[in-house]
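Down below is the structure, laid out as structure tokens.
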Amino acid sequence: MPIPLVNSVASWFLKKRIHQIELFLKYPNEVQNELLLNLLNEAKNTEIGIKYNFSSIKSYSEFAARIPISSYESYHKLIERSRKGEQNIFWPKPIKWFAKSSGTTNAKSKFIPVSNASLEDCHYAASKDLLCIYLNNNPESELFNGKNLRLGGSKELYEKNGTFFGDLSAILIDNMPFWAEFSSTPNNKISLMSDWESKVNAIIEETKSENVTSLAGVPSWMLVLLNQVLNKTDKKNIIEVWPNLEVYFHGGVNFMPYIGEYKKLLPKKGFKYYEIYNASEGFFAIQDKNYSEELMLMLDYGIFYEFIPMKNYGTKNQKIIPLNEVSKNENYAIVITTNAGLWRYVIGDTIRFTSVNPYKIKITGRTKHFINVFGEELIIENCDRAIKIVSKKLGCEIRDYTVAPVFMKGKAKGKHEWLIEFKSSAINLSYFSELLDNALKSLNSDYEAKRYNNTTLEMPKIILARNGLFNDWLKNKGKLGGQHKIPRLSNSRNFIESLLKLQ
């Protein structure tokens, strides 16, 4: 079939999905409630379904009253049994795939169950929706005249029991439907290579002569790849390598600290950036407009949503609410019930709603990745925005950073210590610190109050990280590539101290 015809057929097929999306936009709560009852009915004869008598639950209020909130720690034993081959524990259909997550600062790996339903009705459905939405917004697109360069993780076999684990991206690539494989590069063998540095070289060799029209992957690792492409091809920018490149689909980390670098690498008028919000536990939201910073919460992927207001998260006053009770501009922890058998599971991410009609969100951070040692309630969104403000003002570029508290000792007051790797070392750190402090004050009133007259917090301390420090730390931990990322904020100094030892 000629490629222009493939483009026309694919565009027609994908755009048909718009009508289904409009349905959950119009009736969001009805769609969610029906989905919940369907999940309960499907899993009523599982071990967990019998334990909580799913068959008798007829409403959300009964569901919320009967089934407790869960975490990975509370699920760990059930998941380990499933990994060893037991079935019908928390989901009725066989589960053989487990998405491996390092849990960022926690060295202990997590293994998140991935069912066939979650592959087909969530992750792959979302991939089609992403293309559908993009093509609907850009009817002149020639996306299918070329290929998508995807940057995925590696795969391993859990040898004893025939179950598999690996990065979510590797699981998706390994089970990829033909339509996606046909339009993707590099080939699956290269995509699933475990050695990051060898993989990068192989990707470049295979893709440099392809007609690449889109990119997909985690921003930090895609940036490494694109810079290596320029080194290998001796080109000035990526558009010289792939002139028909038109969009980058990204997720996994906040894009804000990287946008300056990408605009230099991709200096093409009208180039698009589309953010997605997916995780090992599911695919949650998609940017639905060109040049938007909001993500549309997708409500028909087999995921039922609840939320915990962060203002009382982890306290005796903690309250869990359904979607129809959320408010705009409040920070929430996400609780999910899924078609892979996670029941009222706290995934650890925080979001805020920018709109409730339709439901649109922004990712704000992690429930465990914030600093509140001194009552400042600093979250990742604050830090990323402050970094963007200062970088733009000074014309500097930041590769990576992490922040930790410096605890009060004796008469000394507390402060925040920022370990930052700049692209150039010609930075006035004192001036940078002053601008950063002012930006944080403008973004976070609790931080501003603690900084008032140095009452509780002193000026932030900036440490210049040597070139390649964060990459070396990841390499030492065996975390190069895939979805591994640098923890931005921590209430302890454990992570920053391990980095400083490599400084």
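The values are calculated or read from the model by the stated rules, or taken from the named source; none is laboratory data. Note that the structure is predicted; figures quoted are calculated from it, not measured. All Cβ positions, glycine included, derive from the backbone under ideal geometry; neighbour counts span all protein chains shown.
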**OP:** Report yes if residue 360 is surrounded by fewer than 18 Cβ atoms within 10 Å (Cβ to Cβ), among the basic types (Lys, Arg) and either closer than 22 Å to residue 442 by Cβ or not assigned by TED's automatic domain parsing to the domain that holds residue 277 (or both), otherwise no.
**Re:** no
Original post:
Residue check: is residue 300 surrounded by fewer than 21 Cβ atoms within 10 Å (Cβ to Cβ), of a type outside the set (Gly, Ala, Ser) and part of a strand (DSSP E or B)?
Top reply: no
Original post:
If residue 86 satisfies every condition in (1) surrounded by 16 or more Cβ atoms within 10 Å (Cβ to Cβ); (2) in a loop (DSSP other than H, G, I, E, B) but one, which is the exception?
Top reply: (1)
Original post:
If a residue has to be surrounded by fewer than 17 Cβ atoms within 10 Å (Cβ to Cβ) and hydrophobic (A, V, I, L, M, F, W, C) to count, how many in the range 160-178 make the cut?
Top reply: 1
Original post:
Within the range 435-479, how many residues turn out to be within 16 Å of residue 418 (Cβ to Cβ), polar (S, T, N, Q) and out of contact with any helix residue (DSSP H, G or I) (no Cβ under 6 Å at 6 or more places or on another chain)?
Top reply: 1
Original post:
residue 291 is checked against (1) under 29 Å from residue 389 (Cβ atoms); (2) over 15 Å from the mean Cα position of the chain (by Cα); (3) hydroxyl-bearing (Ser, Thr, Tyr); (4) assigned to a strand (DSSP E or B) and fails just one. What number does that condition carry?
Top reply: (4)
Original post:
With 134, 158 as the choices, which residue is modelled with pLDDT of 85 or more, of a type in the set (Phe, Trp, Tyr) and over 17 Å from the mean Cα position of the chain (by Cα)?
Top reply: 134
**OP:** May I ask you to list the residues in the range 238-260 that are of a type outside the set (A, V, I, L, M, F, W, C) and in contact with a helix residue (DSSP H, G or I) (Cβ under 6 Å, 6 or more places away or on another chain)?
**Re:** 250, 254, 257, 258
**OP:** Say whether the condition of being basic (Lys, Arg), over 28 Å from the mean Cα position of the chain (by Cα) and surrounded by 14 or more Cβ atoms within 10 Å (Cβ to Cβ) is met by at least one residue in the range 410-431.
**Re:** yes
Original post:
With (1) closer than 28 Å to residue 96 by Cα; (2) in the same structural domain as residue 124 (by TED's automatic domain parsing) as the list, and residue 306 as the residue in question, which single condition is left unmet?
Top reply: (2)
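Can you name the residue in the range 191-209 that is touching a Ser or Thr at 6+ places or on another chain (Cβ under 9 Å) and over 13 Å from residue 229 (Cα atoms) and, of all such residues, is surrounded by the most Cβ atoms within 10 Å (Cβ to Cβ)?
Once the filter is applied, the top-ranked residue is 191.
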